[in-house]
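One structure below.
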Amino acid sequence: MTRFRFLPDDTNIGFMQYAKIAGMISAVMCVASVVLFFAIGLNLGIDFKGGTLVEIRTEQKADIGSLRSKISTLKLGDVELQSFGSDRDVLIRIETQEGGEKQQRKAIERIRTVLGDTVEYRRVEVVGPKVSGELAREGTIAVIVAILAVMVYIWFRFEWQFAIGAVLSLSHDVLLTIGIFAILQIGFGLPIIAAILTIVGYSLNDTVVVYDRVRENLRKFKKKSLHEVIDMSLNQMLRRTILTSVSTLLALGALYSFGGEVLRGFTFTMIWGVVVGTYSSIFIAAPLLLFTGARISEPVKPEGEAEEPV
């Protein structure tokens, strides 16, 4: 019985010949992401900019238009309504009201008054500007600390050239994620920070697997150039990389389709991160070893001990 193979055993793609093109495209996209971040900004959620979140459930199918009309008469500023979960569940987001937390709670009471007792109030949250500022700062620190920890880990496990490649690759993934959020204006809250940290872990795992094979082949094939060794290593790990990414994307695709509105932002971030992380492991992390001149420090041999034949 012939066994199905996702890729032929003799796959030999010259990845490194596309390294410069991929690097230039990635550099342009990273710069564009930074420009978009400052020019357009992120659609920060209540977690980061403060405000009020009210989750309600209606007796029948929710009429978003009617609910929005009722709440808009209150003149509470920026108000967002979206369905999630069942067709009876609605999430209402209200911007921070002037006057502090007292005015925030007053806004909730006004919403209760205008909607009446025909709806069930399942959740009410008030996030003040001080708390939201702390959350934004701590979320940013969490991402930076994670990337720095990765650099230290890779430096100790491999060499400094590998550490630089891993950190630049992870920074590339984070920047492109911020760029896509700036373009699409998807709500950016704490769940997205959690997703970005998960992306860092996923991308790191893929990068370490590739680096481990490169290190192994550098020791095994000492007469081959670094260019040849990296291409060989990527081809050897290509089947594993694609299968892992595809299986992860299948699960995330199901979660995105059937997980409801609340999980959609998180799941979208993860899907984007898997695609970008797989790309960066091949076309960013690996080629950076060429530019930094990666090498493997061999242990010092005792005098008189013969070197093993290559």
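Each residue in the range 73-85 was checked for being surrounded by 12 or more Cβ atoms within 10 Å (Cβ to Cβ) and either among the β-branched types (Val, Ile, Thr) or without any contact (Cβ under 8 Å) to a residue 40 or more places away in the chain (or both), and 5 of them qualify.
Conditions (1) modelled with pLDDT of 80 or more; (2) closer than 30 Å to Gln82 by Cα; (3) not in a helix (DSSP H, G or I), marked per residue:
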| site | (1), (2), (3) |
| --- | --- |
| Ile196 | yes, yes, no |
| Asn217 | yes, no, no |
| Lys223 | no, no, yes |
| Met232 | yes, no, no |
| Leu250 | yes, yes, no |
| Ile284 | yes, no, no |
| Gly304 | no, no, yes |
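Screening Val34 with (1) closer than 19 Å to Ala136 by Cβ; (2) buried (at least 19 other Cβ atoms within 10 Å of the Cβ) gives one miss only, at (2). All conditions but one from (1) within 22 Å of Gly45 (Cα to Cα); (2) free of Cβ contacts under 8 Å to residues at least 60 places away in the same chain; (3) touching a strand residue (DSSP E or B) at 6+ places or on another chain (Cβ under 6 Å) apply to Arg88; the one that does not is (1). Might you let me know whether the range 199-208 holds any residue that is at pLDDT below 85, surrounded by fewer than 16 Cβ atoms within 10 Å (Cβ to Cβ) and in the same structural domain as Arg157 (by TED's automatic domain parsing)? Taking every residue of the range 199-208 in turn, at least one turns out to be at pLDDT below 85, surrounded by fewer than 16 Cβ atoms within 10 Å (Cβ to Cβ) and in the same structural domain as Arg157 (by TED's automatic domain parsing).
Counting only residues that are part of a loop (DSSP other than H, G, I, E, B) and free of Cβ contacts under 8 Å to residues at least 40 places away in the same chain, the range 12-25 holds 0 of them. Would you mind stating whether Val274 is of a type in the set (A, V, I, L, M, F, W, C), at negative phi, surrounded by 15 or more Cβ atoms within 10 Å (Cβ to Cβ) and within 14 Å of the chain's Cα centre (by Cα)? It is true that Val274 is of a type in the set (A, V, I, L, M, F, W, C), at negative phi, surrounded by 15 or more Cβ atoms within 10 Å (Cβ to Cβ) and within 14 Å of the chain's Cα centre (by Cα). Just one of the listed residues (Gly116, Gly165) is in contact (Cβ under 8 Å) with a residue 24 or more places away in the chain and not hydrophobic (A, V, I, L, M, F, W, C), and it is Gly165. Go through the residues of the range 37-46 one by one and say whether even a single one is without any contact (Cβ under 8 Å) to a residue 24 or more places away in the chain, more than 19 Å from Glu125 (Cβ to Cβ), assigned by TED's automatic domain parsing to the domain that holds Leu76 and out of contact with any Lys or Arg (no Cβ under 8 Å at 6 or more places or on another chain). Checked against the condition, which is being without any contact (Cβ under 8 Å) to a residue 24 or more places away in the chain, more than 19 Å from Glu125 (Cβ to Cβ), assigned by TED's automatic domain parsing to the domain that holds Leu76 and out of contact with any Lys or Arg (no Cβ under 8 Å at 6 or more places or on another chain), the range 37-46 yields no hits at all. Going by what's in this entry, would Arg123 be described as surrounded by 11 or more Cβ atoms within 10 Å (Cβ to Cβ), under 24 Å from Phe48 (Cα atoms), modelled with pLDDT of 80 or more and out of contact with any Pro (no Cβ under 7 Å at 6 or more places or on another chain)? Considered against the rule, which asks whether it is surrounded by 11 or more Cβ atoms within 10 Å (Cβ to Cβ), under 24 Å from Phe48 (Cα atoms), modelled with pLDDT of 80 or more and out of contact with any Pro (no Cβ under 7 Å at 6 or more places or on another chain), Arg123 comes out as no.
Results for (1) surrounded by 15 or more Cβ atoms within 10 Å (Cβ to Cβ); (2) touching a residue at least 40 places away in the same chain (Cβ under 8 Å), shown as yes or no for each residue.
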| site | (1), (2) |
| --- | --- |
| Arg215 | yes, yes |
| Leu226 | yes, yes |
| Met232 | yes, no |
| Ser247 | no, no |
| Ala254 | no, no |
| Phe258 | no, no |
| Phe268 | yes, yes |
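Residues of the range 26-74 being of a type in the set (Ser, Thr, Tyr), within 33 Å of the chain's Cα centre (by Cα) and part of a helix (DSSP H, G or I), which ones? Correct list: Ser26, Ser33.
The values are calculated or read from the model by the stated rules, or taken from the named source; none is laboratory data. Everything numeric here is computed off the predicted structure, so don't read it as measured data. Using ideal geometry, Cβ is built from the backbone for each residue, glycine included, and neighbour counts are taken over all protein chains shown.
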